[in-house]
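Novice: Take this structure first; my questions come after.
The values are calculated or read from the model by the stated rules, or taken from the named source; none is laboratory data. If you're wondering where the values come from, they're calculated on a predicted model, not measured in any experiment. Here the Cβ positions follow ideal geometry from the backbone for every residue, glycine too, while neighbour counts run over all protein chains shown.
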Amino acid sequence: MPNGDWVVNEMAKTTPEDFHWGLMPLPADEKDGERFVGSMTEQIWIPAQAANPDDAKKFLEFIYSDEGVKIMQESGNIVPTTDMMDRVSKMEDGYTKEFFSIYENATPAFGAFGAYNTNNLPDFDVKATLFGQIDDLATGKISKEDYQKSLSEAWKTLAANPLETK
């Protein structure tokens, strides 16, 4: 798996009983080199037109409170907090602990979900550009510098074409 323990529950009905999901970092560029794990961030916001913005703020505060973090953890979700790895280390064994423990020996390579209008970009292949090149990087077909340059150019292109909201 490239990232996350979400797939375990999502695929539970079709996963054979004796199958064990795993998570591993990308191979290093050189022997004993730094390894990376693909990670994503998700943003949350409260629309200016929200009917109850104060309640929404209280809800977000609760999710990041000790009690909220504990509730989320008990259901197999990790809230990104400064003490996240300490919390993970104290968890009972299981997929969530196993998957998040990978960050002890690998560096997260962050991405983000964003709303972009690719209708204006008929020649831009999001999947191939953002994710397809990972295989080329892992097999040495492209250098990490070329990969980084390609991603930087892709994000600039996407950022210049935001999804318009009304």
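Novice: What are the residues in segment 36-62 that are at pLDDT below 90 and under 23 Å from V88 (Cβ atoms), if any?
Specialist: F36, V37, G38, S39, M40, T41, E42, Q43, I44
Novice: State the number of residues belonging to segment 145-156 that are surrounded by 11 or more Cβ atoms within 10 Å (Cβ to Cβ) and more than 21 Å from the chain's Cα centre (by Cα). Break it down into steps so the answer makes sense when it comes.
Specialist: Our first condition is that a residue be surrounded by 11 or more Cβ atoms within 10 Å (Cβ to Cβ); within segment 145-156, this holds for 146-151, 153-155.
Within this subset, residues satisfying the condition of being more than 21 Å from the chain's Cα centre (by Cα) are 146.
The number of residues fulfilling the criteria is 1.
Novice: I would also like to ask the following. Would you point out which residue out of K70, K58 is more than 21 Å from the chain's Cα centre (by Cα) and over 30 Å from A154 (Cα atoms)?
Specialist: Numbers: K70 fails: more than 21 Å from the chain's Cα centre (by Cα).
Going through K70, K58 in turn, just one is more than 21 Å from the chain's Cα centre (by Cα) and over 30 Å from A154 (Cα atoms): K58.
Novice: Sticking with this one: Tell me yes or no: at least one residue of segment 88-111 is within 25 Å of I44 (Cα to Cα), in contact with a helix residue (DSSP H, G or I) (Cβ under 6 Å, 6 or more places away or on another chain) and β-branched (V, I, T).
Specialist: For segment 88-111, residues within 25 Å of I44 (Cα to Cα), in contact with a helix residue (DSSP H, G or I) (Cβ under 6 Å, 6 or more places away or on another chain) and β-branched (V, I, T): present.
Novice: What are the pairs, 6+ residues apart or on separate chains, where a residue within segment 124-135 that is without any contact (Cβ under 8 Å) to a residue 60 or more places away in the chain has its Cβ under 7 Å from a residue that is not in a helix (DSSP H, G or I)?
Specialist: Within 7 Å, the pairs are Q133/I142.
Novice: Can you pull out the residues in segment 96-131 that are at pLDDT 80 or above, closer than 19 Å to P27 by Cα and in a helix (DSSP H, G or I)?
Specialist: Of everything in segment 96-131, those that are at pLDDT 80 or above, closer than 19 Å to P27 by Cα and in a helix (DSSP H, G or I) turn out to be E98, F99, F100, S101, I102, Y103, E104.
Novice: Sticking with this one: Which residues, taken from segment 136-166, are assigned to a helix (DSSP H, G or I), under 21 Å from K31 (Cα atoms) and at pLDDT 80 or above?
Specialist: Within segment 136-166, the subset assigned to a helix (DSSP H, G or I) is 136-138, 144-159.
Add one more test, that the residue is under 21 Å from K31 (Cα atoms), and what stays is 136-138, 144-148.
Once the filter is applied, which keeps residues that are assigned to a helix (DSSP H, G or I), under 21 Å from K31 (Cα atoms) and at pLDDT 80 or above, segment 136-166 yields D136, L137, K144, E145, D146, Y147, Q148.
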